[in-house]
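Reviewing the structure listed below.
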Amino acid sequence: MELKRRTFFKWGLTGAALSLIKPSQAAQMVTSTFETKINGPIVISTWVHGLEANKAAWEILSKGGKALDAVEKAARVTEADITNRSVGIGGRPDRDGHLTLDACIMDEQSRCGSVAFLEGIDHPVSVARRVMEKTQHVMLVGEGAYQFAIEQGFKKVKTPLPEVKEDWKKWKKENKDLFKKPEINHENHDTIGIIAMDANGDLSGSCTTSGWAYKLHGRVGDSPIIGAGLFVDNEVGAACVTGLGEAIIKVAGSHTVVELMRHGMTPQEACKAAVERIISKNKDMTGLQCGFIALDKKGNVGAYSVFNGFNYAKRTNTEEGMVDALFDRKW
């Protein structure tokens, strides 16, 4: 999917000069260093593929639609992008050559749904929503998730893609270390997480991924786990995270961010504190990139990552573009 040139907005160093730029103006990327209060709907998504995801979400939010519908539609855009190697049907398989997908969704009522280790279905985020709305459960996995999806009328797809399968064959011949940590900031972004607040001030979020490329068969990361990859509390705010799922699960990453906001931290402070907690729990930081984004009920946004290189897409009534997250250390 070809990305069109978009406007990128500028965050000043002192907090005195936020330049709001219309979507028709030239693009540029700068580092965010403070938060701002936004009136009206807002959507934020991890990584540059969040630009197209946000565009889809905005079609709903700008017309007064619900945040839940917006975050599902946004995630579906990335899931359908066959050029994306870390999300959806274009993703990379596990060590045994199986492409298994994970996703979750959560709304303003704290309803949530999740699927994990799902193979052969094109839109896991929508299956997750169906789990939330049609069952008494939160998570379905593996063959059970697949059977449920088929019963609900979801489309079967053959995966991995032929070109991705060839890459896997080459990898398997060349790699002896099957437990090497991924280079998250490069081809293996690991997820897209999306948070939106609609015109009514209600929050929802979604998260979808093909996970760690060439992972052990059966591995599930943080992305489909409510409280790890995504958490929404409509009284406080919402958070999601991208990166090495094993490290994120250990600290219940997204829930931690929301709870810190509940106790008075700004989204930026909370994201930074969650990153610091991850660092404190891991002696070996090799390949351990994690990047959080958060949104509170007032429309304040925060983001922070372990290493440099993490960014997110933002869309409001007045802004559209990418923001570089602050970080703890350089690679």
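Assorted remarks:
- Placing a pseudo-label 7 Å from each Cα along the Cα-to-Cβ vector at Glu276 and Ala80 gives an inter-label distance of 4.3 nm.
- Burial ranking of peptide ranges 68-80, 281-293 (average Cβ count within 10 Å, highest at the top): 68-80, 281-293
- Segment Glu166-Asp328, extension gain: residue separation times 0.36 nm, minus the distance between their alpha carbons: 54.6 nm
- Globularity ratio of region 89-145, using Cα Rg and 2.2 N^0.38 Å: 1.15
- Kirkwood's formula applied to the C-alpha pairs of region 240-331 gives a hydrodynamic radius of 13.2 angstrom.
- Pair Glu133, His217: separation of 7 Å Cα→Cβ label points (nm): 3.5
- Each label point was placed 7 Å from the Cα along the Cα-to-Cβ direction; for Gln109 and Ala199 their separation is 2.2 nm.
- Across Lys170/Lys272; Lys55/Lys272; Lys156/Lys298; Lys169/Lys330, pairs whose alpha-carbon gap is larger than 30 Å: Lys170/Lys272; Lys156/Lys298; Lys169/Lys330
- Euclidean distance between Cα centres, region 63-102 to region 264-324, Å: 21
- Backbone HN-Hα couplings from phi across region 44-54 [Karplus 6.51/-1.76/1.60, Hz, Gly and Pro as x]: 10, 9, 6, 6, 5, 5, x, 4, 5, 4, 4
- Shape class for region 78-120, computed from the alpha carbon gyration tensor (a ≥ b ≥ c): oblate, with a/c not under 1.5 and a/b at or below b/c.
- Here Ile194, Ile121 are placed in order of increasing Cβ neighbour count within 10 Å, fewest first, which gives Ile121, Ile194.
- Extent along the principal axes, Cα only, for region 113-174: 45, 19, 16 Å, with the longest axis given first.
- The charge dipole of region 184-291, taken about its Cα centre with unit charges on the Cβ atoms of Lys, Arg (+1), Asp and Glu (-1) only, comes to about 420 debye.
- Fewest neighbouring Cβ atoms within 10 Å first, the residues His98, His137, His123 line up as His137, His98, His123.
We did not get these values from a lab; they are worked out from the coordinates using the rules stated. Predicted, not measured: the structure shown is a model, and the values here were computed from it. Here Cβ is always computed from backbone atoms with ideal geometry, including for glycine, and neighbour counts include all displayed protein chains.
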